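Here the structure comes first, spelled out in structure tokens, and everything after it is commentary.
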Amino acid sequence: MPRFVTFNITEKSPRYWHGGNAFNTHFFNAFFTTFPAGETFFVRSVQKYRHLIKDEELQADINDFSTQEGNHSSAHDLHGDVLALQGYKSIARDNRFLDAGLKLFNKTMPRFSLAVTIAIEHFTAILSHQVYATPELFIEPLHEDFKPLFLWHAAEEIEHKGVAYDVYEEVDGSYWLRIIAMMLTTVAILMLVFIRLSPLLRKDGLLFSGSTWKQGMSFLFGKNGLFTLVVPHYLQFYRRSFHPWDQQDYHFIDEFRAQFDSGDFVNEIPTPEATVPA
Ligand SMILES: [Fe+2]
Ligand SMILES: [Fe+2]
């Protein structure tokens with residue numbers, strides 16, 4: 001079920017909103033700002049095949065999936081606008097290339113686009129699971145302005161994590177196509193994040209800072225690093241019998257819903273323009 005949430009992320013929000021840490025913040029900045037182009041791509045990939053879906057429940061799920069992803073895309077667009085106001089100009093340019101590339105991908109390889117969509121939806125489901133499973137890594141270090149965005153997006157990603165997969169099963173269901181898609185997607189995501197992260201660090205004079213990278217690599221690949229923690233969940237995708245709901249984590253949505261229903265997520269709607277000092 002799509003939920004309308006507004007955010008208090010403005011130019012006045014702290015520059016390093018993840019524990020005051022530059023690398024960690026810019027990692028999420030680099031990753032999150034791909035979502036407007038990425039989530040629009042997911043919706044196009046799924047909508048392309050909805051005429052083949054006979055099941056009415058899955059048709060309704062596709063509607064919810066598309067609305068949720070559209071809302072997420074708008075929210076992350078707002079974040080991108082705020083980053084531009086804070087002086088990080090590379091993101092808008094990178095996103096124009098990403099969007100054009102993904103549109104061409106949809107047009108020329110629709111079936112492979114759907115396979116890539118289920119691969120990336122697995123990534124978002126994994127990270128969303130981790131947001132709730134390890135709040136000490138994902139939530140507690142955050143500035144208050146950013147907590148609603150993480151909690152809301154993660155809960156809705158968990159909620160719709162099976163939709164694109166169910167469409168894929170109806171349309172194609174090929175094991176090897178999704179495996180090839182996942183392997184290529186894994187490499188592409190890692191490269192993309194670092195390609196987008198580098199200009200953000202360069203802007204802050206940290207691109208060649210050894211201590212920044214040392215800490216960052218530990219944050220991502222260390223003993224309890226963000227990527228290290230999710231390896232078992234990630235590998236589930238390679239099973240022939242895999243389905244996203246093999247990992248039962250609906251209780252996290254209940255946790256979010258309790259907060260949402262209590263009104264925790266309603267803020268004033270900020271616009272980036274309104275935050276520019278006169
Ligand atoms: Fe999303
Ligand atoms: Fe999603």
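Every number in this text was worked out from the coordinates using simple rules, so none of it is lab data. Values in this document were obtained by computation on a predicted structure and should not be read as measured data. FYI the Cβ positions are ideal-geometry reconstructions off the backbone, even for glycines, and counts take in every protein chain you see.
Brief remarks on what is shown
- Scoring residue 108 on the criteria (1) out of contact with any Ser or Thr (no Cβ under 6 Å at 6 or more places or on another chain); (2) closer than 17 Å to residue 34 by Cα leaves a single failure, condition (2).
- Residues of the range 232-249 that are surrounded by 10 or more Cβ atoms within 10 Å (Cβ to Cβ) and either touching a residue at least 12 places away in the same chain (Cβ under 8 Å) or in a helix (DSSP H, G or I) (or both): 233, 234, 235, 236, 237, 238, 243, 244, 245, 246, 247, 249.
- When the range 143-174 is filtered for residues that are at negative phi, away from ligand 2 (no atom under 16 Å from the Cβ), part of a loop (DSSP other than H, G, I, E, B) and not charged (D, E, K, R), the ones remaining, listed by number, are 143, 174.
- Set 158, 126, 179, 189: member being hydrophobic (A, V, I, L, M, F, W, C), within 16 Å of ligand 1 (Cβ to nearest atom) and surrounded by fewer than 20 Cβ atoms within 10 Å (Cβ to Cβ): 189
- All of (1) farther than 20 Å from residue 253 by Cβ; (2) touching a Leu at 6+ places or on another chain (Cβ under 6 Å) hold for residue 166 with one exception: (1).
- Any hit, the range 3-14, residues being more than 16 Å from the chain's Cα centre (by Cα), among the basic types (Lys, Arg), over 25 Å from residue 220 (Cα atoms) and within 16 Å of ligand 1 (Cβ to nearest atom): yes
- So residue 201, is it over 16 Å from the mean Cα position of the chain (by Cα), in a loop (DSSP other than H, G, I, E, B) and closer than 26 Å to residue 20 by Cβ: no
- Within the range 60-79, tally of residues that are small (Gly, Ala, Ser) and closer than 15 Å to residue 165 by Cα: 2
- Of the helices (runs of 4 or more DSSP H) lying entirely inside the range 69-142, those containing at least 2 residues that are more than 16 Å from ligand 2 (Cβ to nearest atom), without any contact (Cβ under 8 Å) to a residue 24 or more places away in the chain and under 18 Å from residue 177 (Cα atoms) span 90-108.
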